[in-house]
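Inspection log for the structure reproduced underneath, given as structure tokens.
The values are calculated or read from the model by the stated rules, or taken from the named source; none is laboratory data. It should be emphasised that the depicted structure is a prediction, and the values quoted were computed from it without experimental measurement. For neighbour counting, all protein chains shown are included, and Cβ atoms are generated from backbone atoms with ideal geometry for every residue, glycine included. When the accessible area is computed, the model is the full protein with side chains, heavy atoms only, and any ligands, DNA or RNA have been set aside. Shrake-Rupley method; radii C 1.70, N 1.55, O 1.52, S 1.80 Å.
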Amino acid sequence: KRGVFRSIVELQGAIHRFLAQHNRDPRQFRWTKSPKKIIAAVKRGFHMLGL
């Protein structure tokens, strides 16, 4: 979630709380697209940027 942090220490605390909560119930990341579709999207992006 978004947040407003008045100091680096406050931001670090929020990050550490998020990680602790997330790590209580970790889930394996699963790709939802095939490698071919991902590579094609990257190529389109490069083409649009003129790279």
Open item on the list: Can you give me the angle between helix 8-24 and the longest principal axis of the chain, using Cα atoms only, in degrees from 0 to 90, rounded to the nearest 10?
Closed with: 70 degrees
Open item on the list: Out of the total accessible area of the chain (probe 1.4 Å, heavy atoms of protein only), what percent is carbon and sulfur?
Closed with: 61 percent
Task: Distance (nanometres) between label positions extended 7 Å along Cα→Cβ at V4 and T32 - done: 3.2 nm
- [ ] With +1 on each Lys and Arg Cβ and -1 on each Asp and Glu Cβ, and nothing else charged, work out how big the dipole of the chain is about its Cα centre, in Debye to the nearest 20.
- [x] 320 debye
TODO: For the chain, run through the trypsin sites (Lys or Arg not before Pro) and keep only the ones in DSSP coil with at most 12 other Cβ atoms within 10 Å of their Cβ.
DONE: K1, R2, R6, R27, R30, K33
Open item on the list: Just the number please: accessible area per residue for the chain, 1.4 Å probe, all protein chains included, in Å².
Closed with: 112 Å²
TODO: Any chance you could give the angle, 0 to 90 degrees and rounded to 10, that helix 35-49 forms with the longest Cα principal axis of the chain?
DONE: 90 degrees
- [ ] Report the full-extension gain for the segment Q21 to L49: residue separation times 0.36 nm, less the Cα-Cα distance, to one decimal in nm.
- [x] 6.3 nm
